[in-house]
Amino acid sequence: MHIAIAGNIGSGKTTLSGLLAKHYGWEAHYEEVDENPYLADFYEDMKRWSFNLQVYFLNSRFSQIVKIRQQTDKTVVQDRTIYEDAYIFATNLYDMGLMSERDFNNYLSLFELMTSLIQPPDLLIYLRASVPTLVRQIELRGRPYEAGIRLDYLKRLNERYEGWMMKYTGSNLLTVNVDDTDFIKDPMALSSIFDKVDAKLHGLF
Ligand SMILES: Nc1ncnc2c1ncn2[C@@H]1O[C@H](COP(=O)(O)OP(=O)(O)OP(=O)(O)O)[C@@H](O)[C@H]1O
C-alpha cells in the first residue's frame with residue numbers, strides 16, 4: 001500500500017512520515033535533501049536552476065513510486081508526491097516567470113507521460129499550515145539555503161496547495177491542520193491523527 005504526505009515547505013511531512021512508520025511498522029521513503037545536486041543553487045538563483053531542479057525531482061519521485069509499487073508486501077509512506085512537484089512547485093515557478101514557457105511545456109509533457117504509468121497513493125494526508133507556522137518550522141530546522149525563502153513564495157505555494165486540494169479526487173484524503181495540532185509535542189494530538197488514519201485505512205480493506 002502507498003500512503004503519501006503532502007504539504008508546503010516546513011509543514012512537517014518528514015516528521016509525520018517517521019512517526020507513522022514507527023507506529024504502523026511502515027517503511028518511510030524520504031526525499032534525499034543532502035544528495036540533491038541543485039537545491040542550494042536553486043535557492044540562490046531560481047530562474048537559472050528551476051528546470052534542472054524540477055526534472056531532478058520528477059525523476060526521483062517517479063523512481064520512488066516505481067519502487068513502492070514493486071514492494072507489494074509492504075506499506076510505504078512517502079513524504080511529498082509527484083503531483084505537488086508539478087501542480088504546486090513547477091506551475092508556481094512558471095507563473096512567477098521563473099521558468100520559461102518552453103521549459104514548462106517540456107516538463108509537463110514528461111510529467112503527463114510519467115503519471116499515465118502510475119497510480120495515485122491509496123491514502124493522501126495533507127498537512128495544512130499557515131505561513132507563520134511554516135516560517136517557524138523552517139527556522140527551527142535551520143537549513144542554510146532555506147534561510148532566504150520569501151514569505152510571498154510560501155504564500156503562493158499555500159494558495160496552490162489549497163486549490164489543488166479542493167479539486168483532489170485521486171484517493172482517500174485526510175487533512176491535518178498543523179496550526180492547531182502539535183503532533184510533535186502533544187501525544188494526544190498524535191494519537192488523534194492515528195485514529196483518523198485508522199478510520200481511513202479501514203475503508204481501504
Ligand atoms: N518540486 C520542487 N520544487 C522546488 N522545491 C522543492 C520541490 N520539492 C521539494 N522542494 C524543496 O526541497 C527542500 C527539501 O524538501 P523536504 O521534503 O526535506 O522538506 P519540506 O518540503 O520542507 O518538508 P517537511 O518540512 O514538511 O518535512 C525544501 O526546501 C523543499 O521546498
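From the list I88, I118, pick out the single residue that is among the aliphatic types (A, V, I, L, M), part of a loop (DSSP other than H, G, I, E, B) and in contact with a Lys or Arg (Cβ under 8 Å, 6 or more places away or on another chain).
Step by step, each of I88, I118 is checked, and only I118 is among the aliphatic types (A, V, I, L, M), part of a loop (DSSP other than H, G, I, E, B) and in contact with a Lys or Arg (Cβ under 8 Å, 6 or more places away or on another chain).
In the list D41, D34, which residue meets the criterion of being in contact with a Leu (Cβ under 9 Å, 6 or more places away or on another chain), part of a helix (DSSP H, G or I) and among the acidic types (D, E)?
Values: D34 fails: in contact with a Leu (Cβ under 9 Å, 6 or more places away or on another chain).
One residue alone meets the criteria, D41.
List the number of the failed condition for V66; all other conditions in (1) at pLDDT below 95; (2) under 21 Å from N8 (Cβ atoms) hold.
Checking V66 against (1) at pLDDT below 95; (2) under 21 Å from N8 (Cβ atoms), the one that fails is (2).
Evaluate the following for L123: is it touching a residue at least 60 places away in the same chain (Cβ under 8 Å) and among the aliphatic types (A, V, I, L, M)?
yes
Considering S11, S17, which residue is surrounded by 13 or more Cβ atoms within 10 Å (Cβ to Cβ), within 8 Å of the ligand (Cβ to nearest atom), touching a residue at least 24 places away in the same chain (Cβ under 8 Å) and in a loop (DSSP other than H, G, I, E, B)?
So the residue among S11, S17 that is surrounded by 13 or more Cβ atoms within 10 Å (Cβ to Cβ), within 8 Å of the ligand (Cβ to nearest atom), touching a residue at least 24 places away in the same chain (Cβ under 8 Å) and in a loop (DSSP other than H, G, I, E, B) is S11.
Exactly one condition in (1) at pLDDT below 95; (2) away from the ligand (no atom under 13 Å from the Cβ); (3) surrounded by fewer than 15 Cβ atoms within 10 Å (Cβ to Cβ) is false for R48; which is it?
It fails just one condition, (1).
Among the residues of segment 114-139, count how many are within 10 Å of the ligand (Cβ to nearest atom) and either of a type outside the set (A, V, I, L, M, F, W, C) or farther than 17 Å from R80 by Cα (or both).
Looking only at that region, the number is 1.
If you check R136 against the conditions, is it among the basic types (K, R) and closer than 19 Å to L39 by Cβ?
no
The values are calculated or read from the model by the stated rules, or taken from the named source; none is laboratory data. Source: prediction; values computed, not measured. Reconstructed Cβ throughout: ideal geometry from the backbone, glycine too, with neighbour counts over all protein chains shown.
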